[in-house]
Amino acid sequence: MPSVNLIDTSLRDGHQSLLATRMSTEQCMRVLPMLVDSGYDILELWGGATLDSCLRFTGDDPFERLEAFRETCDSSGRKIQIRSLCRGQNLFGYNPYPDNLVYEFIKEACRTGNDRVRIFDALNDHRNLITAIMSTKTFNGHAEAALSYTTSPVHDQAHFVNFAKRCVDAGADSLAIKDMAGLLHPADAWTLIGALKESFPGVEITLHSHDTNGLAIASYVVGLMAGVSNLDTAYGPMAGATSQPPAELIRYFADALGVELNVNFDRASEIDNELRQIRTELKEVDKNADSFGNPWPSEPTDAMKAAINEAIELLGSKDHDQCTKACDVIEEKIMVPHGYPEIDKSQLESQIPGGMLSNLYNQLKDQGKLELMPKVQEEIPRVRAAAGYLPLVTPTSQIVGTQAVFNVMKDNPYELVSEPFRDVIMGKYGKLPGRPDPEVVKKCSRGQAVYKGRPADLVDDLDLEKVYQENGNLLKSHRDLLLLLLFQMPAKQFLQKREAESA
């Protein structure tokens, strides 16, 4: 019997995509023991925006959170890998960091309990992954190189296979298709998965997507049929919409296909209840507060079974139009009737990832400018094209989104240019996938030539001892130092508050 592993993302990407990364350590710990009992081999629990959110919003120490996760996973008596998401040379921030900071942070993360690191670069510039890959492997971690998937005139199959080859040559242990904006059409999933399996026989391949555009579930079913190693899923209340496909529904499809999964669903209803309660607790940051799916039954209904079989038959054709029909069947006959929000197909054009959409919504809401949201969404693809068809993933998604807001607020586009956008155009984040708009380059260049070297070579190694000396009693550990260097103001405020409370 063919088998595929499910990897749960509820406690990292799930709430980052749906709840602006607001789950606290306490809320996570109410769910984690049940996930551990379900038989997972890998759980995505850390990284991405969670470290910044811990410091800025929930008042948690990110390393203490990781320690708690590690202890709970180890209590199972099984080897459960904790996966984090790392932005390559940018780590968990927006800018390229010096090599010694990347090395020191990954060393501390691996020592604390993060033994599997998904490493990606927004531009798919392999030079931005090398230090993180080497550091992860140095401390006995599993280095997973992720392909930032997008669609554009320059992002063809050869682009992704070539990038993957460079990562494997650099030492990556496995590969992931990171479809952060939910753009991977199931017909294209057939060809891309096939190309990767042919080019890298024996290399583990994970498929990661978001249901933002109604394509992800169908592409996951293709993953089950095409033989990927892992699928990233979340549980019902933390799945769907801008998050990952529901694990419960993927289980139905796996059963129909005769594919064995690595997890059991004995505690699925308990997990559902707890996550449902947490979404209620965080409703102030939940833009789908009244529509996040009903509890999934232990077995699919007859109507679900009919839709599942219909979708499988359509996807098996590998034909683009038939695969599109399968997506419609899944959305119209399963997801929407089951209480998930209807898909906004306009996202296929704007290509806004779930986390970016959630944060953009909250930022404009906080500024009292929510009425600008439609125009900003229209401007984002224009800014993206002008910047050489950047994949929209952190940090480029935020950089492009901010520039789109500036363009909407000003009568003359690019009259106001953010420094990060200027740096992207000028090559300081890496090689752009395509040729940028010459007029935009001219507005950004200030008469300087575009940089063509490795971005990290522009950044000097940090004098860590000097930082210790400059911050007196504020830093109690090497972890504190790393947090301060990565997150500066939020970390400083967090550490100052901790110091005051302990006085």
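The values are calculated or read from the model by the stated rules, or taken from the named source; none is laboratory data. These numbers come from a predicted model, not from an experiment. Cβ sites come from the backbone with ideal geometry, for glycine too, and all protein chains shown count toward neighbours. Heavy atoms of the whole protein, side chains included, go into the accessibility calculation; ligands, DNA and RNA do not. Shrake-Rupley method; radii C 1.70, N 1.55, O 1.52, S 1.80 Å.
Once you have a ≥ b ≥ c as the square roots of the Cα gyration tensor eigenvalues for the stretch 230-313, tell me rounded if a/c is under 1.5, and otherwise prolate or oblate according to whether a/b is larger than b/c.
It comes out prolate by the Cα gyration axes.
What order, most packed first, do the peptides 171-184, 128-141 have when packing is the mean number of other Cβ atoms within 10 Å of each residue?
So the peptides 171-184, 128-141, ranked by packing, come out 171-184, 128-141.
Using the Cα gyration tensor of the stretch 352-457, with a ≥ b ≥ c the square roots of its eigenvalues, what is the shape: rounded (a/c below 1.5), prolate (a/b larger than b/c) or oblate (neither)?
prolate
Using a 1.4 Å probe on the protein heavy atoms only, what accessible surface does Lys345 show? Give it in Å² to the nearest 10.
For Lys345, the solvent-accessible surface is approximately 110 Å².
For Glu270 and Ser3 in one chain, what is 0.36 nm times their gap in residues minus the Cα-Cα distance, to one decimal in nm?
93.6 nm
Of all accessible surface on the chain at a 1.4 Å probe, what whole percent is carbon and sulfur?
47
Which entries in the list Lys287/Lys497; Lys178/Lys345; Lys431/Lys466 go over 26 Å, if you measure between the two C-alpha atoms of each?
In this structure, Lys287/Lys497; Lys431/Lys466 exceed 26 Å between Cα atoms.
Run through the stretch 55-120 and list the chymotrypsin sites (Phe, Trp or Tyr not before Pro) located in a DSSP loop whose Cβ has at most 10 other Cβ atoms within 10 Å.
none
Can you bin the chain into rounded, prolate or oblate? Criterion: square roots of the alpha carbon gyration tensor eigenvalues sorted a ≥ b ≥ c, rounded for a/c under 1.5, prolate for a/b above b/c, oblate for the rest.
Rounded is the answer for the chain, as its axis ratio a/c remains below 1.5.
If the reach is capped at under 17 angstrom between alpha carbons, list the aspartates and glutamates near Lys428, excluding any in the same chain fewer than eight residues apart.
By straight Cα distance, Lys428 reaches Asp99, Asp121, Asp125, Glu419, Asp437, Asp457, Asp460, Asp461.
Report the label-to-label distance for Gln469 and Asn162 in nanometres (one decimal), using points 7 Å from each Cα along the Cα→Cβ vector.
4.8
Rounded to the nearest 500, what is the chain's calculated 222 nm mean residue ellipticity when only DSSP H runs of at least 4 contribute -39500 (n - 2.57) each, over all residues?
-14000 deg cm²/dmol
Could you please state, rounded to a whole Å, how far the C-alpha centre of the stretch 361-399 is from the C-alpha centre of the stretch 127-143?
Measuring centre to centre over Cα atoms gives 31 Å.
Show me 106-119, 320-333, 253-266 ranked by packing, highest mean number of other Cβ atoms within 10 Å first.
Put in order of decreasing packing, that is 106-119, 320-333, 253-266.
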